[in-house]
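Before any comments, here is the structure.
The values are calculated or read from the model by the stated rules, or taken from the named source; none is laboratory data. All of these numbers come straight from a predicted model, not from anything done at the bench. Methodologically, a virtual Cβ is constructed for each residue, glycine included, from the backbone with ideal geometry; neighbour enumeration extends over all protein chains shown. Note: accessible area is taken over every heavy atom of the protein model, side chains too, but ligands, DNA and RNA are not part of it. Shrake-Rupley method; radii C 1.70, N 1.55, O 1.52, S 1.80 Å.
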Amino acid sequence: RDIYKTVDGGLTWKSVLHVSENTGFADIIMDPRNPKVLYVAAHQRRRHVFTYIGGGPESGVYKTVDGGEHWKKINNGLPKVDIGRIGLAISPADPEYLYAIVEAAQGKGGFFLSTDRGASWTKQSKRTTSGNYYQEIVCDPKDPLKVFSLDTWLAHTVDGGKSFKKTGEKFKHVDNHVIWIEPENTEHWIVGCDGGIYETWDAAKNWQFKPN
């Protein structure tokens, strides 16, 4: 349930961040300007027969600026209640835009933005998804305000998370879990969902299913 690091191409690993036996990590992202700057999302979670505990007080976001030697919890502005799964993304267009989609108790979850490298978070909207099944976000390669939220129906924001709309999935299976966006042609995507792999060249107006 720790964050592990290798410096020999995967031959050996060492733990660099441990919270407790009840908490693992659901997401890890790297600042594209500096590989020593990492953000990780801790997730307090248990799954047993007839039991699912999807959050707790140990969930939160951690940051390191020295490649994992030291970590700091950066939850300023995030909900103060028990938190579930957190999805993280950093904009490749402008890495000053750091996003978090947060599952939280008492309806306090939502979509958060940090423009000060995680020192503080601002709630943009109530957008969140199922922490047991989705809770993943992907930034557009060219527009720092455009972010995709993977969910039963694919959705996206063009205003930094203040509002979301369905992306468009006519004649496409739902339950989306991964999206790749071509860096130079941002209308070309490949999306993985429960129905398989789909590709679009016109930003979801038309989809091609991969039957193989």
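Rolling a 1.4 Å probe over the protein heavy atoms of the range 21-78, with every protein chain left in place, gives an accessible area that is 54 percent carbon and sulfur. What the phi angles of the range 27-38 give under the Karplus curve with 6.51, -1.76 and 1.60, with θ = phi - 60°, is a coupling list of 8, 8, 10, 10, 5, x, 8, 8, x, 7, 9, 10 Hz, glycine and proline written as x. Counting only protein heavy atoms and a probe of 1.4 Å, the accessible surface of the range 86-212 is 52% carbon and sulfur. Pairs of Cα atoms in the range 94-212 fall into 10 Å distance bins, from 0 up to the last occupied one, in shares of 14, 44, 32, 9, 1 percent. Less than 5 angstrom separates the built amide H of LEU78 from those of TRP121, all sequence-distant by 5 or more or on a different chain.
Excluding GLU199 itself, calculate the net charge of residues whose Cβ lies under 14 Å from the Cβ of GLU199, where each Lys or Arg counts +1 and each Asp or Glu counts -1.
After counting each charged neighbour, the total is -1.
Each peptide in 188-194, 178-184 gets a packing score, the mean of other Cβ atoms within 10 Å over its residues, and the list from highest to lowest is 188-194, 178-184.
Tally Lys/Arg at +1 and Asp/Glu at -1 over every other residue whose Cβ is under 10 Å from the Cβ of HIS177; what's the total? Residues near HIS177 contribute -4 overall.
Amide H contacts of PHE25: HIS43, each under 5 Å away and 5 or more positions distant or on a separate chain (H built 1.01 Å from N in the peptide plane; Pro and chain starts excluded).
Considering only Cα-Cα distances, which of the following residue pairs are longer than 27 Å: LYS146/LYS205; LYS142/LYS166; LYS123/LYS166; LYS14/LYS80; LYS80/LYS162; LYS14/LYS126?
LYS14/LYS80; LYS14/LYS126
Across the range 156-196, C-alpha contacts under 8 Å between residues 6 or more apart give a mean separation that, scaled by the residue count, equals a relative contact order of 32 percent.
Whole angstrom only: what separates the Cα centroid of the range 18-76 from the Cα centroid of the range 128-142? Taking the Cα centre of each part, the range 18-76 and the range 128-142 sit 16 Å apart. Out of every Cα-Cα pair that the chain contains, those further apart than 31 angstrom amount to 21 percent. Loop-resident chymotrypsin sites (Phe, Trp or Tyr not before Pro) (DSSP state other than H, G, I, E or B) in the range 89-161 with no more than 16 further Cβ atoms inside 10 Å of their Cβ: TYR133, TRP153.
Which whole-number percentage describes the relative contact order of the chain, with Cα contacts under 8 Å and a sequence gap of 6 or more?
11
Under the simplified labelling scheme, the ARG117-THR152 pair shows an inter-label distance of 4.1 nm, with each label point 7 Å from Cα along Cα→Cβ.
Averaged over its residues, the chain has an accessible area of 51 Å² per residue, based on protein heavy atoms and a 1.4 Å probe.
Could you compute the net charge surrounding SER15? Neighbours are other residues with a C-beta less than 10 Å from the C-beta of SER15; K and R count +1, D and E count -1.
Values: positive: ARG1, LYS5, LYS14; negative: ASP2.
Its environment carries a net charge of +2.
In the range 35-138, the convex hull through the Cα atoms has an average projected area of 6.9 nm², a quarter of its surface area.
Around the amide H of GLN124, modelled in the peptide plane, lie the amide H atoms of PHE111, PHE112, LEU113, all under 5 Å away and 5 or more residues distant in sequence or on another chain.
Restriction of the chymotrypsin sites (Phe, Trp or Tyr not before Pro) in the range 1-80 to DSSP coil positions whose beta-carbon has at most 10 other beta-carbons within 10 angstrom yields PHE50.
When the chain is treated as a GNM with alpha-carbon contacts under 10 Å, the residue of PRO32, PRO92, PRO79 showing the greatest mean-square fluctuation is PRO32. For the range 98-206, trypsin sites (Lys or Arg not before Pro) meeting the loop criterion (DSSP other than H, G, I, E, B) and having at most 11 other Cβ atoms within 10 Å: LYS126, LYS170, LYS205. Treating r as the C-beta distance of HIS188 and LYS73 and R0 as 25 Å, the FRET efficiency rounds to 0.10.
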